[in-house]
1. What nm value, rounded to one decimal, do you get for the distance between Gln116 and Cys58 when each label is placed 7 Å out toward the C-beta?
2. Given H placed 1.01 Å from N in the peptide plane, which residues other than close sequence neighbours of Thr114 have an amide H under 5 Å from its amide H?
3. Under the rule of at least 5 residues apart or a separate chain, name every residue whose amide H is placed under 5 Å from the amide H of Cys65.
4. Using the scaling law 2.2 N^0.38 Å as the reference, what is the normalised Cα Rg of region 58-122?
5. Please compute the Kirkwood hydrodynamic radius over region 69-193, one decimal place, Å, based on all pairs of different Cα atoms.
6. Residue by residue through region 101-113, which ³J(HN,Hα) values in whole Hz follow from phi under the Karplus form 6.51 cos²θ - 1.76 cosθ + 1.60 (θ = phi - 60°), with glycine and proline marked x?
7. Tell me, what is the 1.4 Å probe accessible area of Lys131, in Å² to the nearest 10?
8. Convert each backbone phi in region 76-87 into a coupling constant with the Karplus relation 6.51 cos²θ - 1.76 cosθ + 1.60 (shift: θ = phi - 60°), then list the ³J(HN,Hα) values in order as whole Hz, x for Gly and Pro.
Amino acid sequence: MGAVQLESVAAQHAHAKLNVDSLPQGPSLFDGNDTARIDGSKSDEYERFEKGLMQYGCAHYRRRCRIRAPCCNEIFDCRHCHNESKNSIKIDTARRHELPRHELQQVICSLCGTEQEVRQTCISCGVCMGKYFCEVCKLFDDDVSKEQYHCHVCGICRIGGRENFFHCSKCGCCYSKVLKNSHACVEGAMHHDCPICFEVGVQLLICICSILFDEWFNF
Ligand SMILES: [Zn+2]
Ligand SMILES: [Zn+2]
Ligand SMILES: [Zn+2]
Ligand SMILES: [Zn+2]
Ligand SMILES: [Zn+2]
Ligand SMILES: [Zn+2]
Ligand SMILES: [Zn+2]
């Protein structure tokens, strides 16, 4: 038993991880229990799906699509790239703006260039445009080592692994489970300007403050 047993548990784990928050749309590659297709036979469909993984993106995300900003109709790698370019002091105040993230509708596949509505799998070439995909936040990221998850109560994507965090309804945010019985509640804690990343509210996936909260409470 030993080795064989372990291997199949690992395979199931990989399978489960791929499915978390990132079910491919359209013809599903991972339906049923056929882990064999993922670990063993590399079907054409699967190869198309995985093509270019971690090879595309910007300073902020690894992803296989770019976005069409609904505000100025221009194409950017991500909303942070848009904001760095359009919301900087170099732009005159009348034209300066942030991308209204929830209004994002169109993405452009980085592999085949097809523009399409926000979805995980390219309608044209079948590539997965983001291994992590959140339909609510319209977020794509191939780098799943961040362990992204969407907290339905916070209404945003966070990093660090769902299993490591709990949502405190009084604070209105997610904290590390290490703090479960010891954190001092601050109502709407995460809705104040963040002193670390200087974002208003904590809407940044990359914001590591939820992790740093560990340290703040241990002062
Ligand atoms: Zn814009
Ligand atoms: Zn970017
Ligand atoms: Zn494509
Ligand atoms: Zn999300
Ligand atoms: Zn939460
Ligand atoms: Zn709390
Ligand atoms: Zn922050």
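The values are calculated or read from the model by the stated rules, or taken from the named source; none is laboratory data. For clarity, every value in this text was computed on a predicted model and none was experimentally measured. Note: ideal-geometry Cβ built from the backbone for every residue, glycine included; neighbour counts use all protein chains shown. What goes into the accessible areas is simple: the full protein's heavy atoms, side chains included, and nothing from ligands, DNA or RNA. Shrake-Rupley method; radii C 1.70, N 1.55, O 1.52, S 1.80 Å.
1. 2.2
2. Residues meeting the amide H criterion: Cys109.
3. Under 5 Å from the amide H of Cys65 lie the amide H atoms of Ser110, each far enough along the sequence or on another chain.
4. Values: Rg = 12.1 Å, N = 65, 2.2 N^0.38 = 10.7 Å.
It is 1.13.
5. Numbers: mean 1/r = 0.0597 Å⁻¹.
Result for region 69-193, one decimal place: 16.8 Å.
6. Computed from phi, the couplings for region 101-113 are 4, 6, 8, 4, 10, 10, 10, 10, 4, 6, 8, 10, x Hz.
7. 50
8. 9, 5, 7, 5, 5, 4, 4, 5, 4, 8, 9, 10
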